[in-house]
1. To the nearest 10 degrees, how steep is helix 92-101 against the longest Cα principal axis of the chain, on a 0 to 90 scale?
2. So what is the relative contact order for the chain, in percent, with contacts set as C-alpha pairs under 8 Å and at least six apart?
3. For the pair Glu137 and Arg109, how long in nm is the line joining their label points, each one 7 Å along Cα→Cβ?
4. What's the FRET efficiency of Arg102 with Ile29 using the Cβ-Cβ distance as r and R₀ = 45 Å, to the nearest 0.05?
5. Just one of (1) 15; (2) 8; (3) 47 is percent of Cα pairs over 37 Å apart calculated from these coordinates, so which is it?
6. Could you sort the peptides 217-226, 203-212 by per-residue average Cβ neighbour count (10 Å cutoff), highest mean leading?
7. When the chain is fully extended, how far beyond the present Cα-Cα distance does Glu201 get from Arg292, taking 0.36 nm per residue of separation?
8. Could you calculate the FRET efficiency of Leu280 with Phe185 from 1/(1 + (r/R0)^6), where r is the beta carbon distance between them and R0 is 25 Å, rounded to 0.05?
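Quick note: the coordinates plus some simple rules give every number you see, no bench work behind them. Small disclaimer: the values here were computed from a predicted structure and weren't measured. Don't worry about glycine lacking a Cβ; one is built from the backbone with ideal geometry, like all the others, and counts go over all protein chains shown.
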Amino acid sequence: MISRSIREGFRGVARHWAMAISSAIAVTITLLIISLFLIFTYHLQRFTRSFEQEAKIAVQISYDYESEEEEQRIKNEIAAVSGVKKVTYSSKEEEFDFFIARYEDERTREVFESYREENPLHDAYYVETDKGSVIAEAADKIREIEGVENVDYGGQSTVKLVAAMTSVRRGGAILVAGLSILAIFLIQNTIKLTIHARQDEITIMRNVGAANSFIRSPFLWEGVIIGIIGSIVPVGLTIWLYELAFERTGGVIISSIFHLVKPFPFVYYVAGIMIAVGILVGLVGSWISINRYLRWRR
């Protein structure tokens, strides 16, 4: 009889530790993906901002509206368009210089230089918007302004690129949320096993008048510990792999447009977020489990 009780006790402990390890592994996997998501999203956000700053609306002024008064009016109307952040003037002479500078061959430059006196280009404005997502709408409104000859911003390819970046960030956030819920569920089941194994202790504590907060605290701490243990491997791997990737690539991926942030203190911020998420996931899973038990046992 005694040996049977001991065996049952060992089985219960084994089940509990198996679930605890499973929960820690779930937290580890979740945090590894969160780490990748944080690093990727941060760099994608930096690239998106850089791209949005570079993505400008080129506005050409009609020849009949090149007087100082008309161009000032057009500038004011452009600046009043919703989403417009900055309007920069470029004369037709500056446009011609920019056009010539694109050619490296001296003979080609000499050919085009002959057109400088009868410059066929337009005075122009270059318009920056607050966000890349409003560039198409702003371009459409600018196109309606009297005196505007042509508006160019890269077309739908620019809009689609900005939208694709936004979709990637949202998709990653949904994936992380789903994995976090899975980790919470596993931790919740782990705490349930702990509660089941310690039902007699909980009953005694309640009979002697122990408050729910006193009963709840050890289970919450167990959840926090599971979260911390689950964050150790992801934090170590994140710091090591990111530093290694930065050293191997020199901080540049594909081209100078895609460059990595210096490892320190960036990886420490990411590590801090991961540990905080691990603790939060463990705490939430434990809280749900013990609260359900205490409400059921009232």
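1. 70 degrees
2. In percent, rounded to a whole number, it is 28.
3. Label at Glu137, label at Arg109, 4.4 nm between them.
4. 0.35
5. Correct label is (3).
6. Sorting 217-226, 203-212 by mean packing, highest first, produces 217-226, 203-212.
7. 31.0 nm
8. Efficiency for this residue pair is about 0.95.
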